[in-house]
Amino acid sequence: MSGTLVGSPAGLALLRQAGPADSENIRAFVCGLSPRTQQLRFFACVAPPSTGLLRALCGTNGRADVLLITDGDGTVIAHGMAADEQAHDGLHASIGLVVADGWRRRGLGSLLLRALTTRAARRGVGSLVMEVLPDNHVMLGIIARRWPAARAERTPDALVFRLPIQPGAGQRTIPAGISFGEPSNSGDQHAACLSAA
């Protein structure tokens, strides 16, 4: 794995792209989430994750940009993904984020959202789609801070936000002091160091 661990608001952490080799680490991460956290992210308890879900969470189907944040020991502590979808009005990305229970409220979800948004803009995505349970106050707070004028469509289960990506978002660095390193010749995934901004 390329990259160097540095201090962040969450302690030692590494932001990197996920891949098939992360399957067991992601399985352990999902199984370690509390039922409440699983419900907030997946709208159901999913531990242990099915083979299909695990493939999607690793990005092995090639239809999603999947990022992980790992701690100093390489344990997954946060997971985010953006699945691109072509619509009649342009390219959209459905976003999903989850942070391990012991690491919540330390800015990792916001870091993942900024990184995924920047990367989506670089792919030509014009807007994000986020489905959020009405009682997911942390995610609703993140959305309110980043998109103060955001309005949600209410479905029977969730609030659906269609959030514009700001022009020029793809030219920004990934987020505040984070840049992706090139993979080594051994095929390591892209990595980035998180540092306090």
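The values are calculated or read from the model by the stated rules, or taken from the named source; none is laboratory data. Model, not experiment: these values are computed from the prediction. We place every Cβ from the backbone using ideal geometry, glycine too, and count neighbours over all the protein chains shown.
Things worth noting here:
- Of the strands (runs of 3 or more DSSP E) lying entirely inside segment 20-106, those containing at least 3 residues that are under 13 Å from the mean Cα position of the chain (by Cα), hydrophobic (A, V, I, L, M, F, W, C) and under 17 Å from residue 139 (Cα atoms) are 76-87, 90-99.
- Within segment 56-66, the presence of at least one residue that is on the phi > 0 side of the Ramachandran plot and crowded, with 19+ Cβ neighbours inside 10 Å is confirmed.
- Verdict on residue 97 being within 21 Å of residue 160 (Cβ to Cβ) and touching a helix residue (DSSP H, G or I) at 6+ places or on another chain (Cβ under 8 Å): yes
- Residue in segment 177-197 that is surrounded by 14 or more Cβ atoms within 10 Å (Cβ to Cβ), among the small types (Gly, Ala, Ser) and at pLDDT 95 or above present: no
- Any hit, segment 150-171, residues being closer than 27 Å to residue 22 by Cβ, at pLDDT below 90 and not hydrophobic (A, V, I, L, M, F, W, C): yes
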